[in-house]
Amino acid sequence: MNDEDVIPIGKIVRLPLGAILALATQFAIRAKTVFDEEWPQCPEGLRINLDWSIGVVGVEDHFTSGVNCDRAYKNVEAAYHAALAAHRRRAAESLHVISAATKAADAAYTAIGSYSGEGHPDNEERDNPWHQLKYDAAFNTAGAAYFCGELGLRDEIVGDYELLQEIHTRESWGEANKPSAWVLFGADSTTDALIERRVLFAINDMCVSLCELIAKNRTSLAHVEWRDLERVVALALGGLGFDISLMPGTKDGGKDVVAQVNLCGRRRTYYIEIKHWRSGKLLGPSTIDTFVEVNAHDRTDGGLFLSTSGFAPAVYSQLAEISQTRIRLGTDIKVITLCQHFVRNRKSSVWQAKEVLPSVLFEHTVTYLGKR
């Protein structure tokens, strides 16, 4: 490698091992696309072997055998000679990428298997055996990048690296934390999953800002779209410690957010439904009764129904001071307090016990009796 490397080794070696593997896999996937385009009549057996070889590079397990890596390399070598014999030179050149990726995988998996988990060897500590393996993985990944550049894929793979680096910075991967290449990058190289992930990061950043605005000023709620408020509530609950699932905008099965937490050896599940009508319309009992039925059917541990514009008088006639009732109602005040909890929690270094999460979820709410 030289100063004209598409992605310098020094940059790649600063990534955790798992991220280096993910990058090598993505380069191999891009090269395989070129191979398929340049040799569409490739024998099926060769094509299957190449796909298997890329799978070895991007395998989700932390360990793969050297035998598999050796077999992967030989598969690529056989395909290379076959492509040359078929006068498919560019297809053959694309296999240099996959060959380098398999060599990167061999070094990386050996390093991952021998990593003690104690500290992080300095990038210049080249006499450290563990680091030498990592350097070898980075060297071969840089080689795969170089060959991608020769195929005219320079812009694409530089974008791959930059996006992967951005995700690593946000998620702070450790050496032993191997992000799945199949999660970071779509198996179909034309639909790059990293782009989707980057969009999700942007949405998350927006929700953090909205959460902070709502925590400071309740009038901010009036300017937030209903779907964005669902995202904000999900973000706030996730930031407090719940495991969160945000349901689709339509056909959500009667709940907008599912919040879960492990307490006393049992998985607790709570449904949250959110109505945010800018018209100021008060919510009637029929919609809430449907929510009650959904929670009863799914045997949740509780449900929280939020209406930022409040509830109709008929709803308030069905309230009670029975704390054990599973369905609770909250207004804009509850949304604001959730956002305030989230903001305080982000700025605090104090660990919050999961046992208090149900109390946080249901404080500033009232009990709903439902149909009688």
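The values are calculated or read from the model by the stated rules, or taken from the named source; none is laboratory data. Keep in mind the model is a prediction, meaning the values are calculated, not measured. Neighbour counts are summed over all protein chains in view; Cβ atoms, including those assigned to glycine, are modelled from backbone coordinates with ideal geometry.
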List every residue pair whose Cβ atoms sit under 9 Å apart, with the two residues 6 or more apart in sequence or on different chains, where the first one lies in the range 134-159 and is in the same structural domain as A100 (by TED's automatic domain parsing) and more than 21 Å from E37 (Cβ to Cβ) and the second, anywhere, is part of a helix (DSSP H, G or I) and of a type in the set (D, E). D136/D106; A137/D106; N140/D106
I'm checking my understanding of the structure. Among residues of the range 1-17 that are of a type in the set (D, E, K, R), in contact with a helix residue (DSSP H, G or I) (Cβ under 9 Å, 6 or more places away or on another chain) and part of a loop (DSSP other than H, G, I, E, B), which one is modelled with the highest pLDDT? R14
Taking the criterion of being of a type in the set (D, E, K, R), in a loop (DSSP other than H, G, I, E, B), under 19 Å from L210 (Cβ atoms) and at pLDDT 90 or above, would at least one residue in the range 252-261 satisfy it? yes
First in the range 54-71 and small (G, A, S), second anywhere and at pLDDT below 65 and outside any helix (DSSP H, G or I), Cβ under 7 Å, 6 or more apart: none
Among (1) surrounded by fewer than 20 Cβ atoms within 10 Å (Cβ to Cβ); (2) at pLDDT 80 or above; (3) not β-branched (V, I, T), which single condition is A101 missing? (1)
It is to be established whether one or more residues within the range 166-174 are assigned to a helix (DSSP H, G or I), of a type in the set (D, E) and either surrounded by fewer than 17 Cβ atoms within 10 Å (Cβ to Cβ) or at pLDDT below 55 (or both). yes
